[in-house]
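Below is one structure, written out as structure tokens; the observations come after it.
The values are calculated or read from the model by the stated rules, or taken from the named source; none is laboratory data. Just so it is clear, the structure is predicted and the values come from calculations on it, not from any experiment. Reconstructed Cβ throughout: ideal geometry from the backbone, glycine too, with neighbour counts over all protein chains shown.
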Amino acid sequence: MMDWWIVWLLLAGPIWALIGGVYIPRLLEPEEGHASELHEGDASYRLGGAAGGFALGPLAIGYLYWRRPVRMPRGWLTTSMLLGVLLASIVAFNLPDIRLAVLLWLLLAGPAWAIFGAYITPRRYRQLGLDDTQALMIGALGGFAAGPLVLAPLWYEAPKLSARWSSWLALLSGWQLIALYSFYARSFDDTFCFLYPGNVTYVSQQLINGINIGLIYALMAVGLTLIYSVQGVVSFTHAQFYMLGGYCSYWLLEIGANSFGITINPLFGIPVAAVVTFIIGAVFERLLLRPMHLGKVERIHEYAILITFGFGFFLESLVLSTQGPLPVKVGRYLDVRRFELVLTADRDRIIGPLRFLGDRTFTALIGLLLILALMYFFRRTWTGRALRAVSMDKQAAAVAGINPLNMNTLAFGLGAMLAGISGAALIPIFNFVPWIGQINAGRAYIIVVLGGLGSIPGALIGGVIVGLMETMGSGCLAGGDRAAAYKDVYGLLIFALVLLIKPTGLFGRERL
Amino acid sequence: MIKKGMLLLLLLALSLPGLSFVGAQDDCNFAEETLKIGTLMPLSAPGAVLSGEQMRWIILEAVEDINEACGVTVDGQNWAVEAIIGDSEGLPERSQAVAERMIFEDGVVAMAGVFHSAVGLATMGVMQANAIPTVFSEPWNDNVTANGIQPYGNAGARVESNEEGIDYIFRISPASSMTSKASVDWLLYLGVDDVVIVAENTDYGVPAADKDKELLIAGGLDEDNVDIFHIELGQEDFLPLIDRILARPTPPDAIKTQITGETALNFTNQMTEAGLAPNEDTICITNQNAYQADAYWSTVPDGNYCAFFRVGIVPALLTPVAQALNDDHYAEFGADIASFALATYDAVWLVTDAITRANSLDGATIALEIERSDVELSQGRYHFPYTTQTKSPLEDGLPAWMWHQWPDPAVTMMQFFRTGQRGPEAAVIWPPAYWTHDTAYIEYGTDPEAE
């Protein structure tokens, strides 16, 4: 018996709702003489048809079709919705496992209400002659957050909608998602993140991991956004400059150890990598990208993609053929493998111990300082302002005495340098192989688009968001055997969501 | 300026990756054409590029050695062997396309080598359909050989795919079940009762971890005390997963990695750095890459006392050929040679030996000669006891993967006990017949060679 209820709730009900919602208004329309009245009632027939279809299927739709009422019968919508909720409740309470109920909402009912809300709300607002610019988003978010509980008041009251509504409903949806998920996750022994007293330490630890790796990601991405904002091209060499920076640091330390017998701290590898990658980047731009800005190249976008991709391939093959495929790594910044932190109050432990890996923490700090320094550079120095001016309007900048071509070279050199610095900063943490950039490049592009192409704060925030999503997904997803395997997906999810709501990215603009 | 720059880049790019290689002797009177043998290896991410590069090197060594011995003789004519090297990227769909290109455009007569189980599983159907005799030297997935006599996925048994009942696929690397059994036997001998397995999410890692779990449970462990976590090949940051394992109420007795390539080194490094293992409570079992010690110690500086499994004969018993290859490999890469590289070297020899004996370039004739192989190469004596000319392993009560499988690849467990040790210096701790320090495990913080 139970199975039939589930089949109705998941399959037959939604199909009848769709039929009712889409076709009932059309079925009623041909009756001459009723056209104007039916038109006025179009949206109410849509909602009534959908709700009736979901609750009673062909019975409701057949009744509406044969009776062809001029107005929706009184109480029709409320009765249908109550029947629908009753049906869902019967199924939910009879489910063998509460996890199934939560999954049903997360995967089926929530999204279905969201689609329904997105479909019906703008039509209702248009029908009433109200501003419907926010109606689609609010209908979708409201449908997902609380289904009919939000959609019904929206329908009847049709309140004035604003961006604040969107924000609140987005928060409510987020909270709904977390609450539902945490309820679901409680059924798993290996999930430590949600609603467990005493798991504050674990959650804090994962948050620290996420922010830590997020700052490192941001460091990788920031050079890419700089190049795009000034040059207007996406550099496909970025990954290889990152790799080259790491190898520069490695070679410096190797030379120090093998030729002079001294152990050099990897911190000194960073300026060396910065200089080398800046020079290579600037020379590359001067020789191979500048002609593009001088009008000597046709189809400049294709040219930019091919030339940067080709140069990246060359760099990678060069390092592979000279250095070999074995992974390399350098020693530690600090002679501390890890340290722990315990927060106490009146000798009672509140949180802890929280583990910090020495080098990771140090690298994250380097990343944060560099990004802050970069923001200072762009806002407080003449050269930084000149770069910003070129990113805003090349011609106007030229009129003001700034040479855009030199700024292009400087921007590419700086972008390459930032990639190189991040490589040099990370080689004490991750093993480096000549193709390492390929692995990270995809993530850097995601971060840049998520934060908004051309925005340095966007790269910072985007990096931290992706880091947090990956870490919390890997650390908190229930049924952890696959949680870490899908690590890259979590960042993509938030990326897709942000692009849906704000296609220009979080801080999207085309200048610094 | 631009054209010059583009041309320079193009020339440099084209000159770097060698796509085929022939090393030939002048006095062998070779035929004008070469005899092409194909091979697939990961030379780009996300595959295990480190292993792919080593495989490429050993293939070229094998071809050079074979051609120095006047190549392959068919109908009294010497043929120089040419290796057609394809980059699989470790991706099944890509490897299928490359394999088809090798067969239809390059005209390979046989395949040898191949890295990654996913690539082996994806391409074996292509080889079978086109009658290309293939000797796999690395894919471990049981189904690579089992599919010879029993269905796998949508594919029926290979022996039923043609009228002659010929199976063109052979394997000289161990099956996954063989390596699992060795390491699980060792763990059970040590008396562990709580194991965490971290495996790559591939056609190698998933079944290998499942097999480990099955054997551990069969050995008496509670099902709840064997946890499997999957990771993605090429992943870099494992800290969230490591913290998840650290948050368990009690530390596991052992952490076993079923990960290939540099990803394994990254995971092991982060595991040791976070203090998860090795320590007094938890045994660390890392990938056989550890045998290539220079890379291991430079990337896993805290990896002392980690155990690792090694496929292939124990270092003390290396044959002269294997020892010479190891020396060359060390000179080239600064690392001792991995067993899959030796197996790949042998796979090329095995194929060319079969072609010479077959005195034909016909795929079916060559495959039947590979079945009859009985030849001593760098890793030992190669023979295939279960073939179309003998019997099915099922008749002897053995699993289906023993079909077209070399039965004797050695699997040992080894363990470092001093930072900076070379692979061959590590202690052999399993099986007991090969013990070098009279123990199955060197306790954390001890040195069995200390006075």
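Some values worked out for this structure:
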| read-out | value |
| --- | --- |
| In segment B:306-328, residue farthest from the other protein chains (Cβ to nearest Cβ) [restricted to those that are out of contact with any helix residue (DSSP H, G or I) (no Cβ under 6 Å at 6 or more places or on another chain) and surrounded by 23 or more Cβ atoms within 10 Å (Cβ to Cβ)] | B:A307 |
| For B:A122: the one exception among (1) surrounded by 19 or more Cβ atoms within 10 Å (Cβ to Cβ); (2) more than 23 Å from the chain's Cα centre (by Cα); (3) small (G, A, S) | (2) |
| Matching option when the condition is surrounded by fewer than 21 Cβ atoms within 10 Å (Cβ to Cβ), of a type in the set (D, E, K, R) and not assigned by TED's automatic domain parsing to the domain that holds B:Y386, among B:D203, B:D212, B:D194 | B:D194 |
| Residues of segment A:255-293 classified as within 14 Å of another protein chain (Cβ to nearest Cβ), under 14 Å from A:P428 (Cβ atoms), of a type outside the set (S, T, N, Q) and more than 33 Å from the chain's Cα centre (by Cα), total | 0 |
| Unmet requirement for B:E262, which otherwise passes all of (1) of a type outside the set (V, I, T); (2) without any contact (Cβ under 8 Å) to a residue 60 or more places away in the chain; (3) within 13 Å of chain A (Cβ to nearest Cβ); (4) crowded, with 24+ Cβ neighbours inside 10 Å | (2) |
| Leading residue by the ranking (nearest to the other protein chains (Cβ to nearest Cβ)) among those in segment A:325-349 that are surrounded by 12 or more Cβ atoms within 10 Å (Cβ to Cβ) and among the β-branched types (V, I, T) | A:V328 |
| A:S474 vs. criteria in contact with a Lys or Arg (Cβ under 8 Å, 6 or more places away or on another chain) and under 24 Å from A:C193 (Cβ atoms) | yes |
| Strands (runs of 3 or more DSSP E) wholly inside segment B:232-335 containing at least 1 residues that are within 24 Å of B:V195 (Cα to Cα), among the charged types (D, E, K, R) and within 20 Å of the chain's Cα centre (by Cα) | B:254-258, B:307-311 |
| Entirely in segment A:131-218, the helices (runs of 4 or more DSSP H) that have 3 or more residues that are modelled with pLDDT under 75 and not assigned by TED's automatic domain parsing to the domain that holds A:F356 | A:163-185 |
| Set A:A441, A:A484: member being without any contact (Cβ under 8 Å) to a residue 24 or more places away in the chain, within 11 Å of another protein chain (Cβ to nearest Cβ) and either on the phi > 0 side of the Ramachandran plot or over 11 Å from the mean Cα position of the chain (by Cα) (or both) | A:A484 |
| Members of segment B:29-46 that are away from chain A (no Cβ under 14 Å), among the hydroxyl-bearing types (S, T, Y) and not in a strand (DSSP E or B) | B:T34 |
| Given (1) within 20 Å of B:P409 (Cβ to Cβ); (2) assigned by TED's automatic domain parsing to the domain that holds B:Q389, number of the condition B:I166 does not satisfy | (1) |
| Tally of residues being facing chain B (nearest Cβ under 9 Å) and either of a type in the set (V, I, T) or under 30 Å from the mean Cα position of the chain (by Cα) (or both) across segment A:301-315 | 6 |
| Residue in segment A:383-406 that is among the β-branched types (V, I, T), under 26 Å from A:P291 (Cβ atoms) and not in a helix (DSSP H, G or I) present | yes |
| Leading residue by the ranking (surrounded by the most Cβ atoms within 10 Å (Cβ to Cβ)) among those in segment A:434-465 that are in contact with a Gly (Cβ under 9 Å, 6 or more places away or on another chain) and outside any helix (DSSP H, G or I) | A:P434 |
| Any chance A:P353 is facing chain B (nearest Cβ under 10 Å) and in contact with a Ser or Thr (Cβ under 9 Å, 6 or more places away or on another chain) | no |
| Any hit, segment B:63-83, residues being under 30 Å from B:I231 (Cβ atoms) and either in contact (Cβ under 8 Å) with a residue 12 or more places away in the chain or not in a strand (DSSP E or B) (or both) | no |
| Which numbered condition B:T34 fails, given (1) polar (S, T, N, Q); (2) more than 26 Å from B:H329 (Cα to Cα); (3) buried (at least 24 other Cβ atoms within 10 Å of the Cβ) | (3) |
| Within segment B:225-241, tally of residues that are facing another protein chain (nearest Cβ under 9 Å) and among the β-branched types (V, I, T) | 2 |
| Residue that is touching a helix residue (DSSP H, G or I) at 6+ places or on another chain (Cβ under 8 Å), of a type outside the set (G, A, S) and not in a helix (DSSP H, G or I), where the choices are A:I429, A:I421, A:I371 | A:I429 |
| Segment A:333-361 - residue that is among the basic types (K, R) and over 29 Å from the mean Cα position of the chain (by Cα) and, of those, modelled with the highest pLDDT | A:R338 |
| Number of the exception - A:G210 against (1) of a type outside the set (A, V, I, L, M, F, W, C); (2) touching a Leu at 6+ places or on another chain (Cβ under 8 Å); (3) surrounded by fewer than 24 Cβ atoms within 10 Å (Cβ to Cβ) | (3) |
| Segment A:356-367 - residue that is in contact with a Phe, Trp or Tyr (Cβ under 9 Å, 6 or more places away or on another chain) and not aromatic (F, W, Y) and, of those, farthest from the other protein chains (Cβ to nearest Cβ) | A:I366 |
| Residues of segment B:125-183 that turn out to be of a type in the set (D, E) and more than 14 Å from the chain's Cα centre (by Cα), as a count | 4 |
